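Have a look at the structure below before the remarks.
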Amino acid sequence: MESNRTEMNALTATDAGLVGCTRCGLVWHQDESHCGRCGAHLHVVNSHGLQAVWAWWIAGLVFYIPANLLPMLVTTTLGHAQKNTIVGGAIELWKHHNYGVALIVFGASIMIPIGKFIAVAYLAITVGNENRRGGAPHLHMLEVVEFIGRWSMIDVFVVAILSALVQLGFVASIHPGPAAASFALSVAFTMLSAQSFDPRLIWRGINREKR
């Protein structure tokens, strides 16, 4: 109970007339325009920065839909072409008893992206409210989103490697489907959405909380 009261009464840099450098973390007076240590541009925390977060988030969601509906991989064997979506590929791997690979593909291509969409939207909605509750849990959530973002590209890497290795002419060949580009763009846009999020917004307005 005491720790919660201390967090709620904490003095933020904005309340003290200071601005923190988003690159190196050093704190300067709000009159300064550039960080004297790393040279980065200084800007006061502003909820309008969430517009970029939402723009990248929506773009990522738009491309994620065709990424799941269109074929990710086109396999040609003796002239017969087989097209698999992300979920279809995971199901095929499961049917062939490749359970571990199927779970990895499903987790990296379905669970992680959806989890990122939900987490980023939750953080943007939460910190967009001046009277919201904020603190360390939200910061930890943002750190997790940034950490797992790199694992979403596993499907694209697998398709690229297989396309380069399996080219046996008429006998067998593997080509990326139209979903590969959509999925790569979706991952890139969601990563930009998370990186556009200013973590200082998490602490903004804590002193406005009701005691």
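The values are calculated or read from the model by the stated rules, or taken from the named source; none is laboratory data. Worth saying up front: this structure is predicted, and the values here are computed from it rather than measured. As a convention, Cβ positions derive from the backbone with ideal geometry for all residues, glycine included, and neighbour counts pool all protein chains shown. When the accessible area is computed, the model is the full protein with side chains, heavy atoms only, and any ligands, DNA or RNA have been set aside. Shrake-Rupley method; radii C 1.70, N 1.55, O 1.52, S 1.80 Å.
The label point for W54 and the one for H80, both projected 7 Å from the Cα toward the Cβ, are 5.1 nm apart. Extending 7 Å from the Cα toward the beta-carbon at both W151 and L61 defines two label points whose distance is 2.4 nm. Rolling a 1.4 Å probe over the protein chains gives E32 an accessible area of about 90 Å².
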